[in-house]
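Participant: One structure follows; several queries about it will come next.
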Amino acid sequence: MLKYYCLLLISILLNCTSLILLKKGILIGHNYINALNKLSSWIHLLTNSYILLSIFIFGVGAITWMFSLTKFDLSLAYPASSISYVVIAIASCYIFGETIPFHRWLGIGIIIFGVIVMFQK
């Protein structure tokens, strides 16, 4: 059963990695927000290596998620994916230099506690 828990964790981490790469790709070099009405901006966006890698990793994560769902109830697997909030917050701190205020850390702690409680037998 441990290998299935690992598969679930891998799926969650792949999703986190995909989101981090997507953010990184959006932040690099081009003002997408003000220019998404132009075809050239969309082409630039969709050929960005970070975004392409993000889409690929998201796809791999979706496949591992499907395998996970064959071994876990959705009512367990989906709430377990909330651990991604924790991973994303910590990664955002280190990778993007985001500041996380105390109330967010408190919320992250509550999420961790909830996941631990959920996996108790």
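Participant: In segment 72-104, how many are without any contact (Cβ under 8 Å) to a residue 12 or more places away in the chain and more than 20 Å from F58 (Cα to Cα)?
Facilitator: Qualifying residue count for the region: 11.
Participant: In segment 87-118, which residues are more than 17 Å from the chain's Cα centre (by Cα) and under 18 Å from L13 (Cα atoms)?
Facilitator: Result: I116, single match.
Participant: Turning to a different aspect of this structure: Taking the condition of being surrounded by 16 or more Cβ atoms within 10 Å (Cβ to Cβ) and not in a helix (DSSP H, G or I), how many residues in segment 80-106 meet it?
Facilitator: Qualifying residue count, segment 80-106: 1.
Participant: From the list I57, I63, which residue is free of Cβ contacts under 8 Å to residues at least 60 places away in the same chain, part of a helix (DSSP H, G or I) and loosely packed, with under 14 Cβ neighbours inside 10 Å?
Facilitator: After ruling out the rest, the residue left standing is I63.
Participant: G109 fails exactly one of the following numbered conditions: (1) under 19 Å from L19 (Cα atoms); (2) of a type in the set (G, A, S); (3) surrounded by fewer than 14 Cβ atoms within 10 Å (Cβ to Cβ); (4) modelled with pLDDT under 95. What is the number of that condition?
Facilitator: (1)
The values are calculated or read from the model by the stated rules, or taken from the named source; none is laboratory data. On a predicted model such as this, the values are computed, not experimentally measured, just so you know. Note: ideal-geometry Cβ built from the backbone for every residue, glycine included; neighbour counts use all protein chains shown.
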